[in-house]
Amino acid sequence: MSDAGGPYLFDVGVIALAHTEAPVRDAALSYVRDAIAGDIDAVVPYPALFGAHTVLTTYYGRSNADTSRLLQNFMDAKRIHWYDRIPEEIVCGGFARARTANIDGWDGYYAQVAIDEGVNTVLTIDDDFERFDAFATEIILSPDEFSELNRFLEK
């Protein structure tokens, strides 16, 4: 995979999907593998791991223990830029972005981190980040794949 769109910020949904058995996980998993290998420049805010934990245990039905182990293993990836700051100006900027784009606070925070870190592309499974001009948004699932994921989650 080329790093032409990087650095990439990984949204919660991409991290979670990569750690599932969903039939459409390959798109997310390929990005995660490339990030771990250092083939792409990846930025992952630590809070996204807590979000992924919640998604994996709540929507995908994974156990708390299994999810914690998987995400701790992911944290061992040394070639990923782990964003570990939550300073007041980032939080305030995140709320401002959430307010003006009418998105949830977490997505506002991730958008602000992307801008602060000079991210070129946010990888996501939804279109909330398309409301920002400061970076590109890559929705990793096609509409058909997203429908397939929703059918998988309804089981």
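Considering (1) in contact with a helix residue (DSSP H, G or I) (Cβ under 8 Å, 6 or more places away or on another chain); (2) over 21 Å from Gly6 (Cβ atoms); (3) modelled with pLDDT of 95 or more, say which one Glu148 fails and leave the rest.
Going through the list (1) in contact with a helix residue (DSSP H, G or I) (Cβ under 8 Å, 6 or more places away or on another chain); (2) over 21 Å from Gly6 (Cβ atoms); (3) modelled with pLDDT of 95 or more, Glu148 breaks only (1).
For a quick check of your reading: which strands (runs of 3 or more DSSP E) sit entirely within region 75-155 and have at least 2 residues that are of a type in the set (A, V, I, L, M) and touching a residue at least 24 places away in the same chain (Cβ under 8 Å)?
Result: 121-124.
Check Phe129, Phe135, Phe74 and return the single one that is farther than 21 Å from Asp34 by Cα and out of contact with any Lys or Arg (no Cβ under 7 Å at 6 or more places or on another chain).
Phe129
Of all residues in region 2-32, count the ones that are without any contact (Cβ under 8 Å) to a residue 40 or more places away in the chain and either open to solvent by less than 10 Å² (accessible area, probe 1.4 Å) or closer than 18 Å to Lys78 by Cβ (or both).
2
Kindly indicate whether any position in region 64-72 is touching a His at 6+ places or on another chain (Cβ under 9 Å), assigned to a helix (DSSP H, G or I) and within 16 Å of Leu149 (Cα to Cα).
Within region 64-72, none of the residues are touching a His at 6+ places or on another chain (Cβ under 9 Å), assigned to a helix (DSSP H, G or I) and within 16 Å of Leu149 (Cα to Cα).
The values are calculated or read from the model by the stated rules, or taken from the named source; none is laboratory data. Keep in mind it's a predicted model, so treat the numbers as computed, not measured. All Cβ positions, even for glycine, are placed from backbone atoms using ideal geometry, and neighbour counts span all protein chains on display. For the accessible areas, the whole protein counts, side chains as well, though only heavy atoms, and no ligand, DNA or RNA atoms are used. Shrake-Rupley method; radii C 1.70, N 1.55, O 1.52, S 1.80 Å.
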